[in-house]
Amino acid sequence: MKSVRIFLAVLFAASSASSVAAAPPAPERYERQVLPLLTRYCGDCHQRETSDGKRWSFDGYEGYAEVVADQVMWSKVDQFVRHHLMPPPNASAPTDQERKTLLAWIDEAVFYVDPARPDPGRTTLRRLNRAEYDNSVRDVFSIDIHPAEQFPSDDAGYGFDNIGDVLSLSPLLLEKYQAAAREVAAEATRLSPPFRLGVDLSAERLTVFAGTPQLVEENKVMLLSRPEDEVGAVIEVEFPSVYRILVRMAVARGSDQVEPPHVDILLDHKKLAKLAPTAAWTGRAGFFPGTSAYVELPQGKHRLSLRVSKPTELITTPAEKPSVVAIGFYELSGPFTPLPPRPSAYLRREFGAQPLAPPILYLSGEDLNLGEGRSGSDTGRLWFASNGYRHSPVILLKGGKFRVRMKVGAQQAGPDPTQFEIRIAGRTLGPFQVTTDSQVEQWIETECELPAGEHDWQVWFLNEFKDPHTGAERKFWFHEFSVEGPLRDDVGPTQQQTVEALVRTGRLLFRRQLTDDKRRKLTQLVDAAAAAGLNPLQSLHVAIEAMLISPNFLYHPQPEPGGPMTDGASPIDEATLASRLAFFLWSSGPDEQLLSLAERGELRRRLPEQITRMLRDSKSSALTTNFAGQWLQLRNLEHVAPDAEKFPEFDSALAASCRRESELLFEHILRENRPPIEFLDADYTFVDARLAAHYGLPSPDGTGFQRVDLHDTPRRGVVTHGSVLTITSHPTRTSPVKRGKWLLEQLLGTAAPPAPRDVPPLPERAEDERLPLRTRLERHQADAACASCHALLDPPGFALENFDPIGRWRTHDGEHAIDAGGRLLSGERFADWSELQPMLVRRHHDDFVRCLTESLMTYALGRGVTYHDKLTIREIVDHAEAADFGFQDLIRAVCASVAFQRMKVDTE
């Protein structure tokens with residue numbers, strides 16, 4: 001571990017210091033070492049006198065400077081030579097040493113990098129992608145919504161969807177940004193209704209606290225017949241207030257001499273109130289009328305229970321039968337007092353316990369008790385068919401001016417509109433007219449003065465009507481109402497508090513301290529909103545909405561020089577460093593700790609410990625979702641559809657288990673800082689019962705996903721996960737080409753050349769269906785135009801043929817035995833995956849680490865890696881050989897790199 005720490009310390013130091021210079025190779029080296037190789041092995045096709053005019057000619061340049069300037073062509077040469085694609089299979093081929101000579105010259109001459117002047121690469125203007133947008137508003141406002149789901153899909157480049165070059169801003173996306181800003185601002189500044197208890201329990205869900213009450217399941221009632229029988233529920237009261245307990249019950253009276261029982265309501269064993277059943281229990285299920293009582297409940301968790309209270313002393317002989325109470329339903333609701341609305345988590349963070357709005361009481365129509373006339377309740381609302389009223393207690397702790405809002409509806413009949421009024425505290429509010437018809441909802445609002453005290457809130461329907469000719473009836477619906485107050489001007493934040501909250505919020509949204517100019521503009525915005533009649537919370541809403549459509553939020557910050565310039569580059573400012581780090585590891589903006597360190601100029605010095613902290617944070621799961629999901633292409637599982645007739649066992653649940661297996665392996669290697677090569681050779685995996693059965697493994701102990709060993713199985717590493725094997729298959733069969741391409745490109749960094757444009761697809765013939773898949777695919781290699789590419793792609797894909805299109809092990813494909821052997825272009829032979837996998841680990845370890853490092857750097861920087869990054873990548877790969885070099889060390893090395901920490905500085 002010591003060697004790794006030393007390497008990382010040196011790398012962090014190197015991000016702001018230069019190393020010893022080295023000169024590019026002289027032209028003589030090309031003449032003496034390279035040109036003879038090109039003439040000997042490439043001259044038949046790629047010299048001016050042999051070329052057909054369409055092919056590249058290595059002797060077609062005017063001088064050495066033009067030779068080394070053609071980076072595009074030499075990049076292709078490097079690819080073809082490195083992967084043994086050229087010279088063609090039947091031509092004379094260079095030795096391994098000759099290949100190394102040619103590749104070394106291309107690397108050192110054409111793609112020369114001066115180690116004394118490390119180039120951090122260009123900085124691309126880069127907007128937030130969808131995941132970054134959602135995560136940023138989640139973390140700044142503590143909300144759990146996903147507005148970016150409505151955005152157009154992000155384009156991808158270099159395998160990832162956070163690449164600045166492809167993240168454009170379309171008119172449609174701009175409209176979506178505006179809609180999302182409104183949604184986020186509304187959610188952030190939301191004042192929710194005060195807490196209301198809503199306990200609704202049928203008989204079978206009641207908790208038995210004492211005695212032996214009898215549950216009659218067929219009748220769905222609980223029978224209480226003994227004094228010790230006690231049932232109820234454990235409740236948690238957030239606000240002390242008055243609440244209503246309603247019990248639907250009936251009584252079977254015992255002997256005539258026995259007094260009818262009542263039911264005691266107990267709060268933590270103490271008698272609180274009593275209820276008297278009115279219906280008769282006949283031994284059959286029915287809808288019992290509700291009996292209710294209003295009780296005061298203190299804050300906290302309590303046991304609220306029911307017990308039959310019966311004067312047992314009246315039973316004088318054994319012949320007398322005890323009474324029985326049948327309980328069918330138990331309901332607790334309330335409070336019935338205006339209480340402060342509940343602020344969002346964001347508002348609590350900004351304003352603490354300060355009241356932000358007047359107290360308010362919300363009640364539904366069903367909360368009103370029967371008074372006079374014909375009326376009934378239906379899913380939260382009341383209906384009146386005759387003149388009369390319903391009522392409920394309303395307890396006002398303070399008197400003053402109140403605002404009343406009511407949602408109503410009507411079924412109109414006759415010449416006049418439906419009318420109703422409210423009677424409370426000796427006052428009449430109204431009458432009010434309902435002008436809508438067919439139960440269309442209408443809101444009615446009024447204000448009134450009310451005294452403190454316990455009042456009876458009465459809703460009166462005033463003008464019943466029935467047409468004598470048509471029978472049409474006028475009806476009134478009362479849905480819900482609120483009583484808000486006392487109304488005061490001093491409730492809520494001041495304008496100054498609002499501005500201060502916006503400055504703090506803007507710092508998080510814009511990911512740096514706000515300039516004096518931005519602070520002044522926020523103050524002007526709040527002042528203008530107040531002048532327009534908006535209260536401070538409404539002003540806050542407007543300002544948040546404006547900040548959310550600002551380029552300062554929607555785009556990653558452009559770096560500024562954060563230190564002295566050396567060799568045309570300087571360290572980036574620490575605020576930008578905080579953002580780069582946060583979006584890399586969290587797909588979100590920097591938190592308070594990162595910003596504070598950056599503002600004090602301490603982040604760069606303390607970067608290693610911050611990386612450790614961030615990787616331990618739950619937000620680092622974004623690396624699994626967004627980096628691993630794209631690097632391993634796990635997101636593609638959402639779009640694959642294996643043929644349902646051939647693979648009926650494959651469904652969305654199995655796909656989810658396959659994806660989770662790969663995610664858990666990634667998280668394990670990351671959290672435990674395991675060597676990255678374990679992605680290729682892990683002899684363990686994570687399965688649930690469904691996936692274990694799919695793989696033919698023993699069912700794991702416990703529930704959910706468990707780690708299991710893969711000894712004595714053909715599976716090793718992520719390549720043999722069902723996720724990878726499924727996304728690299730066709731709906732009806734495997735695809736060695738897709739599987740080989742995935743392994744080479746995603747894990748070894750070997751990009752296959754594109755197929756020639758003028759080569760038609762391989763014709764499918766009916767008789768081919770009887771041939772083994774391998775025989776059919778080998779026809780690609782018989783076609784000269786296809787041979788070189790498929791000689792690269794097919795062998796590693798054939799090694800995986802023992803795994804069917806949904807990842808199960810097999811030895812036959814239909815009637816044909818599987819032949820999983822092959823030969824790589826580099827000459828290595830293998831019999832199947834069990835031989836190819838250790839070969840890849842031993843001989844291609846550096847290729848894998850290089851590929852993973854390049855993928856991490858691409859994802860971290862939001863741009864593709866270039867040859868300017870190669871010195872950092874090589875240094876990381878060289879140190880990855882150490883047994884104690886883990887995945888976290890690789891991430892730290894990327895964060896310490898010149899490309900991550902520095903920027904070009906224009907000196908003109």
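On a straight-distance basis, which aspartates and glutamates could pair with LYS904 in a cross-link, Cα separation under 14 angstrom, same-chain partners fewer than 8 positions away excluded?
Once the sequence-local aspartates and glutamates are set aside, what remains near LYS904 is ASP119, GLU560, ASP567, ASP573, ASP869.
Starting from 0.36 nm per residue, how many nanometres of slack lie between ALA179 and VAL440 once their C-alpha separation is accounted for?
91.2 nm
Sort 434-443, 718-727, 155-164 by packing, meaning the average of other beta carbons within 10 Å per residue, with the highest value first.
Going from most to least packed, we get 718-727, 155-164, 434-443.
ASN463 label point, 7 Å along Cα→Cβ, cut-off 14 Å on backbone N: hits in region 389-415?
Only 410-415 pass the distance filter.
How much length would be gained if the chain were fully extended between LEU370 and GLU828, taking 0.36 nm per residue of separation minus their Cα-Cα distance, in nm to one decimal?
156.1 nm
Excluding PHE420 itself, what net charge comes from residues whose Cβ is under 13 Å from its Cβ, given Lys and Arg +1 and Asp and Glu -1?
+2
Given a 1.4 Å probe, how much area per residue of the chain is accessible, in Å²?
46 Å²
With each pseudo-label sitting 7 Å past Cα toward Cβ, what's the SER550-PHE80 distance in nm, one decimal?
Distance between label points: 5.4 nm.
Using the structure shown, select from LYS100/LYS741; LYS270/LYS301; LYS271/LYS398; LYS100/LYS870; LYS54/LYS76 the pairs with a Cα to Cα distance greater than 20 angstrom.
Those over the limit are LYS100/LYS741; LYS271/LYS398.
Tally up the carbon and sulfur contribution to the accessible surface of the chain as a whole percent, 1.4 Å probe, everything protein left in place.
Solvent-exposed carbon and sulfur of the chain make up 50 percent of the total.
If the cut-off is a Cα-Cα distance under 25 Å, which lysines reach LYS220, setting aside same-chain residues fewer than 8 apart in sequence?
Excluding near neighbours in sequence, the set is LYS274, LYS310, LYS321.
At a probe radius of 1.4 Å, what is the per-residue accessible area of GLU296, in Å² to the nearest 10?
Near enough 140 Å² of accessible area.
Could you name the lysines whose alpha carbon sits less than 23 Å from that of LYS475, not counting residues in the same chain fewer than 8 places away?
LYS407, LYS466
Count neighbours as other Cβ atoms within 10 Å of each site's Cβ, and list the trypsin sites (Lys or Arg not before Pro) in region 26-98 that are DSSP loop with at most 14 such neighbours.
Sites meeting the loop and neighbour criteria: ARG48, LYS54, ARG55.
Could you state how much accessible area ILE677 has, in square angstrom rounded to the nearest 10, with a 1.4 Å probe and all protein chains kept in place?
20 Å²
Can you figure out the FRET efficiency of SER57 with THR732, using R₀ = 51 Å and their beta-carbon distance, to the nearest 0.05?
With R0 = 51 Å, the Cβ-Cβ based efficiency is 0.65.
List the GluC sites (Glu not before Pro) in region 20-103 that DSSP assigns to loop (not H, G, I, E or B) and whose Cβ has at most 16 other Cβ atoms within 10 Å. Which are they?
Of the GluC sites (Glu not before Pro), the ones in loops of region 20-103 whose Cβ has at most 16 other Cβ atoms within 10 Å are GLU49, GLU62.
Please determine, in degrees from 0 to 90 and to the nearest 10, the orientation of helix 495-510 with respect to the longest principal axis defined by the Cα atoms of the chain, where the helix direction is its Cα long axis.
It is inclined by approximately 30 degrees.
How large is ³J(HN,Hα), in whole Hz, for each residue of region 365-379 in order, when computed from phi with the Karplus curve 6.51 cos²θ - 1.76 cosθ + 1.60 and θ = phi - 60°, using x for Gly and Pro?
Rounded to whole hertz, the list is x, 5, 6, 8, 8, 5, x, 10, x, 8, 7, x, 10, 7, 6.
Can you give me the distance in nm between label points at ALA69 and SER192, each placed 7 Å from the Cα along the Cα-to-Cβ direction?
Placing both labels 7 Å beyond Cα along the Cβ direction yields 6.6 nm.
How high is the relative contact order of the chain, in percent, counting Cα pairs under 8 Å that sit 6 or more residues apart?
Normalised by residue count, the contact order of the chain is 13 percent.
Okay, helix-only estimate at 222 nm for the chain: each DSSP H run of n ≥ 4 adds -39500 (n - 2.57), divide by all residues, round to 500 deg cm²/dmol; what do you get?
Calculated from helices alone, the mean residue ellipticity at 222 nm is -9500 deg cm²/dmol.
Rounded, prolate or oblate, given the Cα gyration tensor of the chain, with a/c below 1.5 counting as rounded?
Prolate shape, in that a/c is at least 1.5 and a/b is the bigger ratio.
Just add up the charged neighbours of LEU297: K/R +1, D/E -1, any other residue whose Cβ is under 15 Å from the Cβ of LEU297.
So the surrounding residues net to +1.
How far is helix 870-879 tilted off the main Cα axis of the chain, in degrees rounded to 10, range 0 to 90?
80 degrees
I need to check one value: relative contact order of region 394-467, counting alpha carbon pairs closer than 8 Å and at least 6 residues apart, in percent.
Relative CO of region 394-467 lands at 47 percent.
So how much slack lies between ALA528 and THR811, counting 0.36 nm per residue of separation and subtracting their Cα-Cα distance, in nm?
94.3 nm
So if R0 is 60 Å, what FRET efficiency would ASP847 and GLN299 give, r being the distance between their Cβ atoms, rounded to the nearest 0.05?
0.40
For ARG381, list long-range residues whose amide hydrogen, built 1.01 Å from N in the peptide plane, is under 5 Å from its own amide hydrogen.
Amide H neighbours of ARG381, under 5 Å, 5+ apart: GLU366.
Find out how many positive minus negative residues lie around GLU602, taking Lys and Arg as positive, Asp and Glu as negative, among other residues whose Cβ is under 11 Å from that of GLU602.
+1
Given points 7 Å out from each Cα along the Cα-Cβ axis, report the ALA273 to GLU454 separation in nanometres with one decimal.
In this crude label model, ALA273 to GLU454 measures out at 0.9 nm.
If you take the beta carbon distance between ARG48 and LYS870 as r and set R0 to 35 Å, what does 1/(1 + (r/R0)^6) give as a FRET efficiency, to the nearest 0.05?
According to the calculation, E is roughly 0.65.
Using the alpha-carbon atoms, what tilt in degrees (0 to 90, nearest 10) does helix 773-782 show relative to the longest principal axis of the chain?
40 degrees
Check each of the GluC sites (Glu not before Pro) in region 787-860 and keep only those in coil by DSSP with at most 16 other C-beta atoms within 10 angstrom; list them in order.
GLU815, GLU828
The values are calculated or read from the model by the stated rules, or taken from the named source; none is laboratory data. Quantities reported herein were computed from a predicted structural model and do not represent experimental measurements. Don't worry about glycine lacking a Cβ; one is built from the backbone with ideal geometry, like all the others, and counts go over all protein chains shown. Accessible surface areas use protein heavy atoms only, side chains included; no ligands, DNA or RNA. Shrake-Rupley method; radii C 1.70, N 1.55, O 1.52, S 1.80 Å.
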